Amino acid sequence: MISLRGVYIIWLRDIKRFLRDRARIIAAMAQPALYLFVLGTGLGAAIGRSGDYIKFIYPGIIGMTLLFTSIFSAISIVWDREFGFLKEILVAPISRSTVALGKAFGGSTIAMIQGTMLLIFAPFVGVSLSFLMVLKLFAVMFLIAFSLTSMGIVVAARLKTMEGFQMIMNFLMMPLFLLSGAMFPLKGLPEWMNFLVKMDPLTYGIDALRYIVIGIHSYSLPYSLVMVLSFGAVMISFAIYAFNRQN
Amino acid sequence: MSIIEVNNLTKKFGDIEAVKGISFKVEEGEVFGFLGPNGAGKTTTINILCTLLNPTSGEAVLNNFNVVNNPNEVRRSIGLVFQDPSLDERLTARENLEFHAMIYNVPRSERNERIKNVLEMVELSERQNDLVRNYSGGMKRRLEIARGLLHYPKVLFLDEPTIGLDPQTRNHIWTHIRELKKKENVTVFLTTHYMDEAENCSRIAVIDYGEIVALDTPSNLKAQVGGDVLTLKTGNDEIAALRLKEDFGLDVKLVPSESEGTNSSGIYFEIENGDKFIPKLIKEADLNILSINLRKPTLDDVFLKLTGHAIREEKADVSTFHRAHMRMGRR
């Protein structure tokens, strides 16, 4: 039922559109730069550990970029619905599962490109990356991006218009980001928050990134990866299911 | 063997029955028209035939494939031009066509040739590398028709293909459709609520409130009206109608009023050799006649005769409510 050729075609369209939109690529660099250098410097100074803090949040900011880009890419399905192009895809002779997978790979590729672009900040935050580290980062970034894009597709399949997007931003993306430990260590938290942190799949993704980049971590690398992988498997299944029920 | 066979097809949206058990056949190479007002069930039927909606009951077979059981085979056999645009506006015209050719598995060796041909057909070759967002409405529609033909479909569905377009572009598109039929023997299935457009069809199914009320060639449908149509404006339509019934034995009907406060805006009736009847009418009938209009029957008259209401009658009554629901249903 799933055709690789079909996945490739859907993927290719998303990539073409992304590469055409240079302004968006540059703009997507601005937000992480602000968080990293302004918030990082400010908060770091406040706790008296300026350099360490920037280093600490650097993997978190990469995770944030993956999160935002993945969800935005998936939400483009809602634009496709509004502009009618989704119909062209849905009546095409490829299965709905193929469409969902193509979208998941397209969104995760775009998120990975954006995440990779953040690696040029490494020297400015005092992190030195080896070739092997970069390879490991690619693998982990792909896992995170794929899971999050799949989650975005599940949401987008339900969302009929862009009006609901503000809700997604406030009730899904911001909580996922803030609870992930991107901006602070996951130590000495009250029990209620600890629980929410553990429920957040991004927690494990960012922990794995941080493990690779600066060696600091709350969980073992295999544990984090298994958590992200399981979340991704569940989400892509939901995404395929949701797409098969599209009318 | 017919290219499309529909048996007792129904579709319900909640309590509303949008399509009420329709049956019809479409032969290969025909230009088959669905004529009816907005909300009559045209788009719902098309959506079922192109596998976007599942029917509530009944059966539809296209190119020997059942639309419910073999959706992928059906999709491969059809080309679609939707009522609303369905292009990727952030891609160029050419990229839109390439995407389509790839997804419909047009062999790589033929892709460029076919894209070149369809672009020439709709006269968009020179603008093929422009982003679609910079296209006008007519250009978009033409591009969509080109796209619908790229994979050599057996049946091309056109849902209100010329809605909102200027007359020049409408003519242009119709020229393409006729050419297509001649060159590729494509079966064309279109919906419209423009009567003059329906005249271009080989056969027309008149659909109203989810039911097919007539199915025939345009000339046979018009023959049902019988003779000419004579429309009179008079000082008092009710009295005039009564007199004409008594004195001439005519079946006189009131023209539905276009303005508030009056019941009718004239009367009309069918009559053989209307041109010879006019002098007689003026001589013998003692009526306050303000104007007389004689014309050959059109599909508007057919529709009025079959359904009892005009096709573009839009009043705030039950039917509008019904139609508003239909529109929601087909999103």
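The values are calculated or read from the model by the stated rules, or taken from the named source; none is laboratory data. From a predicted model like this one, the values you see are computed outputs, not experimental measurements. Neighbour counts are summed over all protein chains in view; Cβ atoms, including those assigned to glycine, are modelled from backbone coordinates with ideal geometry.
Summary of values
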{"quantity": "Pair list, Cβ < 7 Å and 6+ apart or interchain, from the range A:74-92 residues that are facing another protein chain (nearest Cβ under 8 Å) to residues that are basic (K, R) and buried (at least 21 other Cβ atoms within 10 Å of the Cβ)", "calculated": "A:V91/B:R75; A:A92/B:R75"}
{"quantity": "Contacts under 6 angstrom Cβ, first residue in the range A:97-119 being farther than 18 Å from A:Y8 by Cβ, partner surrounded by fewer than 24 Cβ atoms within 10 Å (Cβ to Cβ) and among the small types (G, A, S), 6 or more apart", "calculated": "A:Q114/A:A28"}
{"quantity": "Single match in B:R133, B:R108, B:R147, B:R94 (criterion: of a type in the set (K, R), within 12 Å of chain A (Cβ to nearest Cβ) and in contact with a His (Cβ under 9 Å, 6 or more places away or on another chain))", "calculated": "B:R147"}
{"quantity": "Hits in the range B:171-192 (condition: under 23 Å from B:F303 (Cα atoms), out of contact with any helix residue (DSSP H, G or I) (no Cβ under 7 Å at 6 or more places or on another chain) and crowded, with 19+ Cβ neighbours inside 10 Å)", "calculated": "B:F189, B:L190"}
{"quantity": "Those helices (runs of 4 or more DSSP H) lying entirely in the range A:2-59 with at least 3 residues surrounded by 19 or more Cβ atoms within 10 Å (Cβ to Cβ)", "calculated": "A:4-20"}
{"quantity": "Filter result (assigned to a strand (DSSP E or B) and closer than 17 Å to B:M121 by Cβ) within the range B:141-170", "calculated": "B:L156, B:L158"}
{"quantity": "Residue match in the range A:133-150 (condition: without any contact (Cβ under 8 Å) to a residue 24 or more places away in the chain, farther than 22 Å from A:I236 by Cβ and assigned to a helix (DSSP H, G or I))", "calculated": "yes"}
{"quantity": "Scan of the range B:134-159 for residues that are within 25 Å of B:V67 (Cβ to Cβ), at pLDDT 90 or above and among the aromatic types (F, W, Y), ordered by number", "calculated": "B:F157"}
{"quantity": "Checklist (1) modelled with pLDDT under 95; (2) part of a helix (DSSP H, G or I); (3) crowded, with 22+ Cβ neighbours inside 10 Å applied to A:A92, failing item", "calculated": "(2)"}
{"quantity": "Given (1) farther than 30 Å from A:R81 by Cβ; (2) in contact with a helix residue (DSSP H, G or I) (Cβ under 8 Å, 6 or more places away or on another chain), index of the condition A:L135 fails", "calculated": "(2)"}
{"quantity": "Residue selected from the range A:226-247 under the condition surrounded by fewer than 21 Cβ atoms within 10 Å (Cβ to Cβ) and in contact with a Leu (Cβ under 7 Å, 6 or more places away or on another chain), by the criterion farthest from A:N194 (Cα to Cα)", "calculated": "A:N247"}
{"quantity": "Options A:G51, A:G44: the member that is in contact (Cβ under 8 Å) with a residue 40 or more places away in the chain and farther than 30 Å from B:E89 by Cβ", "calculated": "A:G51"}
{"quantity": "A:F165 crowded, with 21+ Cβ neighbours inside 10 Å and within 14 Å of A:F68 (Cα to Cα)", "calculated": "no"}
{"quantity": "Residues located in the range A:202-225, provided they are under 24 Å from A:L178 (Cβ atoms), in a helix (DSSP H, G or I) and free of Cβ contacts under 8 Å to residues at least 40 places away in the same chain", "calculated": "A:T203, A:Y204, A:D207, A:Y211, A:L221, A:Y223, A:S224"}
{"quantity": "Residue in the range B:70-83 that is modelled with pLDDT under 95, out of contact with any Ser or Thr (no Cβ under 6 Å at 6 or more places or on another chain), more than 29 Å from B:N112 (Cα to Cα) and surrounded by fewer than 16 Cβ atoms within 10 Å (Cβ to Cβ) present", "calculated": "no"}
{"quantity": "Single residue of the range A:1-40 satisfying the filter (among the small types (G, A, S) and within 14 Å of chain B (Cβ to nearest Cβ)) that is nearest to the chain's Cα centre (by Cα)", "calculated": "A:A23"}
{"quantity": "Any hit, the range B:48-60, residues being farther than 26 Å from B:E28 by Cα and under 22 Å from the mean Cα position of the chain (by Cα)", "calculated": "no"}
{"quantity": "Tally, over the range B:45-80, of residues that are touching a strand residue (DSSP E or B) at 6+ places or on another chain (Cβ under 8 Å) and more than 14 Å from every other protein chain (Cβ to nearest Cβ)", "calculated": "7"}
{"quantity": "B:G21 vs. criteria modelled with pLDDT under 95, in contact with a Leu (Cβ under 6 Å, 6 or more places away or on another chain) and more than 14 Å from chain A (Cβ to nearest Cβ)", "calculated": "no"}
{"quantity": "Condition check for A:T65: in contact with a Gly (Cβ under 8 Å, 6 or more places away or on another chain), more than 14 Å from chain B (Cβ to nearest Cβ) and β-branched (V, I, T)", "calculated": "yes"}
{"quantity": "Helices (runs of 4 or more DSSP H) completely within the range B:226-331 that count 3 or more residues being closer than 30 Å to B:I16 by Cα and modelled with pLDDT under 85", "calculated": "B:299-307, B:318-329"}
{"quantity": "Residue in the range B:28-44 that is surrounded by 20 or more Cβ atoms within 10 Å (Cβ to Cβ), farther than 16 Å from A:P93 by Cβ, of a type in the set (F, W, Y) and more than 14 Å from chain A (Cβ to nearest Cβ) present", "calculated": "yes"}
{"quantity": "Qualifying residue in the range B:142-164 (condition: in contact with a strand residue (DSSP E or B) (Cβ under 8 Å, 6 or more places away or on another chain), of a type in the set (G, A, S) and within 19 Å of B:G79 (Cβ to Cβ))", "calculated": "yes"}
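A quick yes/no check of all residues on (1) of a type outside the set (S, T, Y); (2) modelled with pLDDT of 95 or more; (3) farther than 21 Å from A:I153 by Cα:
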residue	(1), (2), (3)
A:R17	yes, no, no
A:A27	yes, no, yes
A:Y58	no, yes, yes
A:L66	yes, yes, no
A:I77	yes, no, no
A:K87	yes, no, no
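So that you can scan it fast, the table gives a plain yes or no per residue for (1) in a strand (DSSP E or B); (2) within 30 Å of B:A18 (Cβ to Cβ); (3) among the basic types (K, R); (4) modelled with pLDDT under 85:
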site: B:H172; (1), (2), (3), (4): no, no, no, yes
site: B:T175; (1), (2), (3), (4): no, no, no, yes
site: B:E179; (1), (2), (3), (4): no, no, no, yes
site: B:V213; (1), (2), (3), (4): yes, yes, no, no
site: B:N220; (1), (2), (3), (4): no, yes, no, no
